[in-house]
Amino acid sequence: MEIGLVGLGKMGGNMRERIRRAGHTVVGYDRDPKLADVGSLKELVEALPAPRAVWIMVPAGEATDATVRELSDLLDAGDLVIDGGNSRWTEDVKHAELLKTKDISFVDAGVSGGVWGLQNGYALMVGGEDADIARVQPVFDALKPEGDSGFVHAGGVGAGHFSKMVHNGIEYGIMQSYAEGWELLESAPNVTNVREIFRSWQEGTVIRSWLLDLLVRALDDDEHLSGIRGYADDSGEGRWTVEAGIDLAVPTPAITASLYARFSSRQEDSPQMKAVAALRNQFGGHAVQKES
Ligand SMILES: O=C(O)[C@H](O)[C@@H](O)[C@H](O)[C@H](O)COP(=O)(O)O
C-alpha cells in the first residue's frame, strides 16, 4: 500500500525504512529537507492516491496538534490520519472529533520499540474503528515484530495511546526497581561483582526481561555507571499514568514512586528535606547540617 509519513526523526526515519523493506511505498515529509521525500505537507498529500492514509510521527503536544490541524485542511473526505507519536489519549479524542467534521477518519497508535524497532519490529497498540484499522493493517503488519504478538486493537479512539501510556508507566516502575536493586548491591560490603549478578539473572530467573538485558549492556559499557549523572528526564507518559490512576481511583504507588524518583534526581539539594531537618531540629534539638 501507499502511505504518507510525517516526521522522519529517530523513530519515523526507521519506520519509513521498515515499511519500505516490506514492499510498501512511503512518501515521507520532515521539516528537515535532508530527510524528506517531499518539500511540504501539501506535496505529501498531492503525492498520495485517494483515499489517503497519513501517519504522523512527530513529538507529542503542539507539534502533533499543528500537524493534525494542517492535515485536516489538506485532506479530503474518506482519508485517514494515524497518530503514532506518544500523544496523550485525551488529545486523540479531540483530534478524531476535528477530523470527523470533514469525514476524515482517525486511528491512534502507541508505538514501542525505540531505536531497536528497525531491527526487532515495533509493538503497536491501536485505537479506532475496525474498518479504519483494517485499511492500514498492511503497514501495521510491516512494522510489528515477527510472530503472533506485538499488535493489539485495544479499543476505540484513544485506547491505543491509553495502553501505551500504561505500558510506559510500567516501564518506569520496572526500571526504578532494577535501579534500586543495583544501587543496593553496589552498596553491599560483601558483594564484589554486581554486573555479573545482573548478567546471571538474564537466564532462568523470575525477573529476566529486555530491560534487564539493556541494563547489562549499559554495565558492560560502564561497569559502575561512573560516567553518567544520576539525572532522569520524563516526557509525560508517567505523569499521565499517575493522573489516570487518580481520575479512576486506581492506586498506582509503584509507578508514582518511580515518577517521583525522577523528579528527585533533578535536584542538587532537596528543599523539602531542609524543612524536615529544620523541624527535627525544632522539636528534638537534632543536629542539622549547615550549608558551607
Ligand atoms: O516503549 C518505548 O519505546 C519507550 O517507552 C518510548 O516510548 C520512549 O523511550 C519513552 O517515551 C521514554 O519516556 P520517558 O521520557 O517518559 O522516560
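Some points to look at:
- Any hit, the stretch 130-152, residues being in a helix (DSSP H, G or I), closer than 22 Å to D65 by Cα and out of contact with any helix residue (DSSP H, G or I) (no Cβ under 8 Å at 6 or more places or on another chain): yes
- Selection within the stretch 140-182 - farther than 23 Å from L248 by Cα, small (G, A, S) and within 14 Å of the ligand (Cβ to nearest atom): G150, A179
- Annotation note: of A188, A232, A218, the sole residue that is hydrophobic (A, V, I, L, M, F, W, C) and closer than 16 Å to A261 by Cβ is A232.
- Residues in the stretch 86-134 that are within 16 Å of the ligand (Cβ to nearest atom) and farther than 24 Å from E237 by Cα: Q119 only.
- For the stretch 221-234, the condition of being assigned to a helix (DSSP H, G or I), within 22 Å of A123 (Cβ to Cβ) and at pLDDT 95 or above holds for none of the residues.
- Hey, L214 without any contact (Cβ under 8 Å) to a residue 40 or more places away in the chain, hydrophobic (A, V, I, L, M, F, W, C) and in a helix (DSSP H, G or I) or not: yes
- Verdict on Q137 being away from the ligand (no atom under 14 Å from the Cβ) and without any contact (Cβ under 8 Å) to a residue 60 or more places away in the chain: yes
- Among the residues listed as V126, V166, the single one being under 26 Å from G61 (Cα atoms) and touching a Ser or Thr at 6+ places or on another chain (Cβ under 8 Å): V166
- Residue match in the stretch 205-212 (condition: exposed (fewer than 13 other Cβ atoms within 10 Å of the Cβ) and of a type in the set (G, A, S)): no
- Against the test of being among the charged types (D, E, K, R), surrounded by 21 or more Cβ atoms within 10 Å (Cβ to Cβ) and touching a Gly at 6+ places or on another chain (Cβ under 7 Å), the options D37, D92, D79, D83 yield a single qualifying residue, D92.
The values are calculated or read from the model by the stated rules, or taken from the named source; none is laboratory data. All of these numbers come straight from a predicted model, not from anything done at the bench. In this analysis, Cβ positions are derived from the backbone assuming ideal geometry, glycine residues included, and neighbour counts consider all displayed protein chains.
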